[in-house]
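Trainee: First the structure, then my questions, so here it is.
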Ligand code: HEC
Ligand code: HEC
């Protein structure tokens, strides 16, 4: 049985108060309340106080936020901010609540991630469109010529995925560092990059510090593994969450959109500021990172189990397992955000 990471260490800043106040406050909301967020998370009570807080409250706060149908009164909508990862204004402010191609396209994370349960995948009807034209909605289109339709990924085991990516990236960066040290002594070094039995091609370092990345395989030149999205271009749950909050819901997290980051208190021009604080994003990450990983079903009908076993053998013998590596053990199950 595989379990999700057991521990979430939130170490955005280190503090040494002997006993932490409860960082999570749950509030009662009637379904008729204009605003629907029903939890407050105080990041200053999380940072560095891991051993003193009840993580189940934090995870529950994340589940609630993930399931919340954000309303205008929560700050949903973004009349003057595009869906781009880097805060960007529309050239012309627009006043549409929902836009199928470039969003906002839903009220809750679970509007899409609901199959078979919260944190899961999504049906065809909730496919998202990643569009090229981020500055003008006029050019956002569901036509495959202009945008890229994506099925909704599930997040079960995603904390393990992120830990794996971090460990593998760390291995590759260590190999690069050692190669640089060797090259500095005056020779060209070609290092075979690998981690946990997976090969990533060859990196060549010249004595003058030039780096030849032309023989890398399956990894960007910065040697960072990005496990998330269908294309594998996002390194962390946190970054994906910040993107999704803005793109799908028009909910701007302070850590990306606050005045200190963008120079504008209400970057998206919806009349609301401080839509989600850092603690709320930490809770969303804690929830997703601790969703349990899927495990193979054990059938009670012997004939079915036999077929499944045959499939497992075939999976290996036909070469599927050469890419879908059956096991990639982790050195540590401790998930810290951001990484230590
Ligand atoms: C409109 C549907 C929709 C909504 C709403 C939505 N997502 Fe997603 N989500 C997707 C799709 C589609 C993908 C795959 C995206 C891709 O491949 O680029 C995805 C992928 C992800 C991933 C990457 C998972 C992986 O293993 O690659 C994370 C994390 C994620 N979403 C988090 C969230 C969070 C958090 C929210 C709410 C703030 C949210 N999503 C809201 C449709 C949605
Ligand atoms: C050359 C490497 C490679 C081989 C060999 C390979 N796969 Fe894949 N497979 C991938 C990659 C990469 C993806 C992700 C593709 C994407 O998301 O666009 C994938 C995705 C999948 C998925 C979808 C998983 C999901 O969560 O969406 C299934 C199912 C799958 N492969 C089954 C198989 C089977 C069965 C075999 C053997 C017959 C096989 N694969 C052989 C690389 C491979």
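Trainee: For the chain, what Kirkwood radius comes out of the mean inverse Cα-Cα distance, in Å? Can you show the working numbers first?
Mentor: Values: mean 1/r = 0.0447 Å⁻¹.
Averaging 1/r across every pair of different Cα atoms and inverting gives 22.3 Å.
Trainee: Turning to a different aspect of this structure: What's the FRET efficiency of residue 211 with residue 332 using the Cβ-Cβ distance as r and R₀ = 30 Å, to the nearest 0.05?
Mentor: Details: r = 29 Å, r/R0 = 0.96.
Computed FRET efficiency for residue 211 and residue 332 comes out at 0.55.
Trainee: Enter the angle in degrees (range 0 to 90, nearest 10) between the Cα long axis of helix 158-184 and the first principal axis of the Cα atoms of the chain, meaning the one along which they spread out most.
Mentor: Around 50 degrees separate the two axes.
Trainee: Now, a different point. Pull out the extension gain between residue 313 and residue 28, defined as 0.36 nm times the separation in residues minus the alpha carbon to alpha carbon distance; nm, one decimal.
Mentor: On the way: separation 285, 0.36 × 285 = 102.60 nm, distance 5.21 nm.
Result for the pair: 97.4 nm of gain on full extension.
Trainee: Taking 10 °C and 1.306 mPa s as the conditions, I'd like the Stokes-Einstein D for segment 182-340 in µm²/s, using the Kirkwood hydrodynamic radius from alpha carbon pairs. Before the final figure, lay out each step's value.
Mentor: On the way: Rh = 20.4 Å.
D, rounded to a whole number, is 78 µm²/s.
Trainee: Suppose we keep just the DSSP beta bridges with both residues in the chain; what percent of those would be antiparallel, to 5?
Mentor: Numbers: 19 of 23 bridges.
Antiparallel bridges make up about 85 percent of those DSSP assigns within the chain.
Trainee: Taking the mean number of other Cβ atoms within 10 Å as a proxy for protection, how do you rank 273-279, 297-303, 313-319 from highest to lowest? Don't skip to the answer; put the middle values down first.
Mentor: Details: 273-279: 20.9, 297-303: 8.7, 313-319: 10.4.
Result, highest mean Cβ count within 10 Å first: 273-279, 313-319, 297-303.
Trainee: For 25, 262, what's the fewest-to-most ordering of other Cβ within 10 Å of each Cβ?
Mentor: Numbers: 25 13, 262 18.
So the ranking, lowest neighbour count to highest, is 25, 262.
Trainee: To continue, here is another question. Would you kindly state how much longer the chain becomes between residue 88 and residue 304 on full extension, computed as 0.36 nm times their sequence separation minus their alpha carbon distance, in nm to one decimal? Display every interim value, and only then the final one.
Mentor: Numbers: separation 216, 0.36 × 216 = 77.76 nm, distance 5.30 nm.
Contour length minus Cα-Cα distance gives 72.5 nm.
Trainee: Here's something else I'd like to know. Below 8 Å, C-alpha to C-alpha, sequence gap of six or more: please give me the relative contact order for the chain in percent. List each step's numbers first, then the result.
Mentor: On the way: 632 pairs, mean separation 82.7, N = 340.
Rounded, it is 24 percent for the chain.
Trainee: Mean projection of the alpha-carbon convex hull of segment 199-247 over all orientations, in nm²?
Mentor: Orientation-averaged projected area of the Cα hull: 4.6 nm².
Trainee: Compute the separation of the alpha-carbon centres of segment 60-108 and segment 166-196 and state it in Å as a whole number.
Mentor: Cα centres, segment 60-108 to segment 166-196: 42 Å.
Trainee: Normalise the Cα radius of gyration of segment 81-187 by 2.2 N^0.38 Å (N = residues in it) and let me know the number. Walk me through the numbers before you get to the answer.
Mentor: Values: Rg = 20.2 Å, N = 107, 2.2 N^0.38 = 13.0 Å.
That works out to 1.55 for segment 81-187.
Trainee: Shifting gears a bit: Find how much the distance from residue 153 to residue 35 grows on full extension, using 0.36 nm per residue of separation minus their present alpha carbon separation; answer in nm with one decimal. Show your work: numbers first, answer last.
Mentor: On the way: separation 118, 0.36 × 118 = 42.48 nm, distance 2.79 nm.
So the extension gain works out to 39.7 nm.
Every read-out reported here was derived from the displayed coordinates using simple, explicitly stated rules and does not represent laboratory data. Note that the structure is predicted; figures quoted are calculated from it, not measured. Every residue, glycine among them, receives a Cβ derived from its backbone with ideal geometry; neighbour counts consider all protein chains shown.
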